[in-house]
Structure formats: structure tokens, C-alpha cells
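Working notes, structure below.
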Amino acid sequence: MRYDLQYKRYAENAILIEWPSEIDEILLQDLLFYKKSIEKYCDEVILEVISSYNSLLILYVSTIEDFYGEVFMLKSLYVTNNSKENKNKLWRLPVCYDKKFAPDLEDFAMSKSLSVEDVIVLHTSPIYTVYFIGFLPGFLYLGGLNDKLILPRKSTPARMVKRGSVALGGNQTGVYPMDSPGGWHVIGNCPLSFFDIKSAVPCFVSPGDKIQFISIEEKEYNEISTSVSKGFFLPDSIAI
Amino acid sequence: MIGNVKVIHPGLFTTIQDKGRVGFSKFGISQSGAMDQKSFKLANALLGNEENCAVIEWVLQPPKLQFTEPAIICLTGANIDACINEKSVRLNHQIQVCKGDILSFNICKNKVYGYVGIKNGFLSEVVFKSRSFFKGITKRECFHKDDLILYKSYTNFEDHFSSISKTVLNTNYDVLHVFLGPEFERLSLSQKELLLGSEFTVSNIRSRMAIQLEENLNNDLPSMLTSPVLPGTIQLTPSGKLMVLMRDCQVTGGYPRVLQLRLEDIDILAQMRTGAKLRFHFLQFT
């Protein structure tokens, strides 16, 4: 499928490409395929391509002298993704929904007129799609949250959300990769490390990958946590 | 010989900065880097350094530093009285430093960010191709008392008595040049007029991430999908405030991007004090 794309000059050294404003998997595949072509063919002149749900921001090494010429060139790189090749993975992420790790779970369930068990089932059932990484190093923007779990963010953000916190905010869910202030409702904790500065690829998940949350007990959480801190825990993944 | 700068007094929020970390947004890593890139570049140029040599950045309250080995340094950015061993030294010039010398400053009355450059740069850890301090990326977020900052000692000081043109240093502008942001067209005519026609004030809500302006614009724009942002992106928050993103900003944001600062004007805004007045001047891309 080909989309009607908008090309906008964003800064002296940046061009923004926009898809229609929606969270959609087919759109994501199209966007990621285009991103790859741009990175491949413009390697010399660009610093990087920043991606999100429905846009790419191309950051150039220097000021773009000829915007229309550059857009013409970019348009020639936009071709339909025909490749059947798919290197994306499904990651199974262990989450402990125990009270100890879930300061907001009971209140959240109450505001949605659900039981705590309902919330856990609704949160662990879907297979989520990773759209992009942003907000914090290693923070995954996921799509696919069940409508029954949509609740506006806290009116006053918490000053400190613990690393690993699995949280819900609006129509999104995610894992805090490090301690941070945050306005989402914390319903559990994942013992994995989403951001490792010592690794050349600091985050094991890539845009286009899938995520499933698996509910675990506190005992298993502690075991995984110990392995992770020793550096020999590899998250479960399946090629899809 | 490796020398140490000993932090006798850390100042308010003193860090190591360079050009920043570009190319890692796909992992959610911010660009960071010197808030006033022009002053950072100037320090390295005056020292004859390679362009990405790391400098010390301080904000509002300067640090007090002691050098354990000879060095050549250069002070740029904020206008301030500086001393080596309580003897006054010039800004924007090469300064010879001897073993045991102490660099101190008077009160900072002008501008916000100051830089201490050194011949061949400071040697803190390199993480993702940059030494710029950033929470969660580098071990330190800012310097504390008694911290040590490494550098290579340098003894061949030759004073060339070179000085730079005053026009290079004169950045007392109150007009910031902007391009229209991707969501500008969604604003109403009166909002557009307010944005490009009225005077704004730098508020005290400011950090390396963003600088908020005081005035209120009504904001009735519908929420939008989280999208890429850059340093210099001006967002309109739900409460109607303008938020100018700075060097440590996140790589994506969910508020409408109404304007984008010209690259060199990001440096100018960084140096504006709380309470300073400014206007936006709209530039067309040529």
C-alpha cells in the first residue's frame, strides 16, 4: 500500500515526512521500510532518521540548500515494500503484578470497575506492537492496549517511578527503563534491563517487534532479577 | 602527563559537554551537548583544538577549580570576572595555568552558561560517541565537591595576543528567528497573530531540557500522536504555555510543534535570563 505522504521542512537541517495520523501496523511497516531505504541511500548526508507512529524526521549533517531537489530525491526512494522478509521478533516479557511492585494496581482496577485479576488478564492477553523508542532511553511505545484498560494519566505525575515499572497511561502501556518522574499508573514490574549503555545495541527490542507480557510470581521475579544483574539473562524471543 | 582539575566548589550544575550525542535517537537517547554551542565552539577555536573537544559547562553559579598540572585554558560564554589565584584574567583569550593554580569567578551578572575549555579537551568517559553528561547515560549527572576531571597537561604556552571581534560576542538580541512548525497551520488566526506579534518573557521554569515562556495562549488544539522533536522545537502545552525544547530534550513529544528556532538562536535563548523579553521573527525557508 502506498500512502499520500507530506514532506515538510522542519529546520535548516531537517525534513519531516508525515503519514496519515493513525496508529496502524501496516503503516508502521511502510514507514520502517522507507526509513531503511533513506538510511541506506543517504548515509553520507544524514545524521539520523528519527521515527515515531506516523512520521520520520530526517536530520542532515548540514543545511539543506535545495529542499525541493532533496524531496524529489526522497520521493524516488519511496517504493512499496514487497519483501516477504521479516526479521521482527516476539519478545515474552516477565512481569510481576504483585502488590509490592504495583502501587497503583488496586486504584486502577477500582476506577475501571474491574478486579485486579481482570486487569492482569486484560494486560497479558494482547500481543503488542513496538512502534518506536522515545521519552527515555529504552522506553517502548506500544500499540494494542485493550480498550477496557484506557484511563487518563494521573493529574499530578509521581515524582519517582521505579525502573522496570509496567504502567498504563491513556491508550498506551509501557515499561520504565530507568527511575524517572512519570504520570502513568504503575501496575507491575518487569525485571529485565531495557537499556544497557555497555552494549553497542543498548536496547534488545526494535521498532516493528512484538511484545507479550507474562505474569510471574515474586519468587521467579527475584530469580530473573538476580540473573539480569549478573548479566546472563536473555529474554525469550520467537521469530515471527 | 595527566593532570586533574579538582572541584573545590562545584557551582550550581557544572557538567562536561561537547557537541552532543547525535545518531542514537532510535534508542531514545537525547542529543544533549553544550547549551550554547557557539561559546563551546569558540573556546575550542581559541585554543586551536579539534572541534569536538570537551569543555566544562557551568550555569549561573560558577565553580571553583584547581589544576594539578600546567595547562592552557579559555573562558567563554557568560560575562563574568574571572581570576587565577585571585589575579584577574581575560575572557575569550588563551590563559596559561600553572601547577596548583586556582580558577575562581566573581558573581555571574550577565547571561546564564559559562564554559571552561582546555588545550586538547577534558578526558571524561565517552558514551555513545560523546562525553556530554546525561542522567542514565554517563556515570555522573553533574560535578560535586572534590570530584576530579582529567586532562593532558600542556606546557608550550606561546601568547599570540590574538583577540576576537566584539561583534562575534555581541548576542544581546531580543528577537529570535523562527520557522513555522508542522502544527502551526492548526492554530487560529488570532493565535498565529499573538505568536508572531507579541512579546514573551523567559520564565523561571527552565533546565537543560526546556525553557518555558510565561505568557498564556489559549490552546484548544486536539491532542496529537507522539512525534519527533529537536532542540529548538517550540511546543504549545495543554495549559497554553510555550515550551522551547533545549539540548537535553527527549527525542519525541506529544504537544503541537508550533515553531522551530533557527539553529543559532537556540544558543541565544540559552543565554537569556529569567525575566528577559523576546519576540519571534518569522523566517521563510529559502
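Quick notes on this structure:
- Condition met for A:L57 (closer than 26 Å to A:S21 by Cβ and within 14 Å of chain B (Cβ to nearest Cβ)): yes
- A:Y34 falls short on exactly one of the conditions (1) under 25 Å from B:Q260 (Cβ atoms); (2) within 17 Å of the chain's Cα centre (by Cα); (3) among the aromatic types (F, W, Y), and that condition is (2).
- No other residue among B:K38, B:K26 is assigned to a helix (DSSP H, G or I), among the basic types (K, R) and in contact (Cβ under 8 Å) with a residue 40 or more places away in the chain apart from B:K38.
Condition check ((1) without any contact (Cβ under 8 Å) to a residue 60 or more places away in the chain; (2) out of contact with any strand residue (DSSP E or B) (no Cβ under 7 Å at 6 or more places or on another chain); (3) assigned to a helix (DSSP H, G or I); (4) outside the structural domain of A:E117 (by TED's automatic domain parsing)) across all residues:
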{"site": "A:I17", "(1), (2), (3), (4)": "yes, no, no, yes"}
{"site": "A:L31", "(1), (2), (3), (4)": "yes, no, yes, yes"}
{"site": "A:L47", "(1), (2), (3), (4)": "yes, no, no, yes"}
{"site": "A:T63", "(1), (2), (3), (4)": "yes, yes, no, yes"}
{"site": "A:G69", "(1), (2), (3), (4)": "yes, yes, yes, yes"}
{"site": "A:F72", "(1), (2), (3), (4)": "yes, yes, yes, yes"}
{"site": "A:K100", "(1), (2), (3), (4)": "no, yes, yes, no"}
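- Cross-chain or 6+ apart pairs with Cβ under 8 Å, the range A:190-203 first and hydroxyl-bearing (S, T, Y), then crowded, with 21+ Cβ neighbours inside 10 Å: A:S193/A:P177
- Screening B:K166 on (1) charged (D, E, K, R); (2) within 14 Å of another protein chain (Cβ to nearest Cβ); (3) closer than 30 Å to B:T14 by Cβ shows it passes everything except condition (2).
- Residue, nearest to the other protein chains (Cβ to nearest Cβ), within the range B:24-48, restricted to residues that are over 20 Å from B:V112 (Cβ atoms) and touching a Lys or Arg at 6+ places or on another chain (Cβ under 7 Å): B:I29
- Listed by first and then second residue, the pairs with beta-carbon distance under 8 Å, at least 6 apart or on different chains, first residue in the range B:53-72 and closer than 22 Å to B:K111 by Cβ and at pLDDT 95 or above, second basic (K, R) and assigned to a strand (DSSP E or B), are B:L65/B:K6.
- Among the residues of the range B:22-43, just one is crowded, with 24+ Cβ neighbours inside 10 Å and among the charged types (D, E, K, R), namely B:D36.
- Residue within the range B:63-71 that is within 14 Å of chain A (Cβ to nearest Cβ), farther than 14 Å from B:R131 by Cβ and in contact with a strand residue (DSSP E or B) (Cβ under 9 Å, 6 or more places away or on another chain) present: no
- Filtering A:T173, A:T124, A:T156 for residues that are within 13 Å of the chain's Cα centre (by Cα) and polar (S, T, N, Q) leaves a single hit, A:T173.
- Checked across the range A:104-122, the condition of being assigned to a strand (DSSP E or B) and either under 17 Å from B:Q250 (Cβ atoms) or not charged (D, E, K, R) (or both) holds for no residue.
- Scan of the range A:49-61 for residues that are over 15 Å from A:F132 (Cβ atoms) and either acidic (D, E) or part of a loop (DSSP other than H, G, I, E, B) (or both), ordered by number: A:V61
- Selection status of B:S198, more than 30 Å from B:V22 (Cα to Cα) and either surrounded by fewer than 11 Cβ atoms within 10 Å (Cβ to Cβ) or assigned by TED's automatic domain parsing to the domain that holds B:T76 (or both): no
- Here the strands (runs of 3 or more DSSP E) wholly within the range B:82-147 that include at least 3 residues being buried (at least 17 other Cβ atoms within 10 Å of the Cβ) are B:94-97, B:102-105, B:113-118.
- Sole exception among (1) surrounded by 15 or more Cβ atoms within 10 Å (Cβ to Cβ); (2) modelled with pLDDT of 95 or more; (3) under 18 Å from the mean Cα position of the chain (by Cα); (4) part of a strand (DSSP E or B) for A:S215, by number: (3)
The values are calculated or read from the model by the stated rules, or taken from the named source; none is laboratory data. These numbers come from a predicted model, not from an experiment. For neighbour counting, all protein chains shown are included, and Cβ atoms are generated from backbone atoms with ideal geometry for every residue, glycine included.
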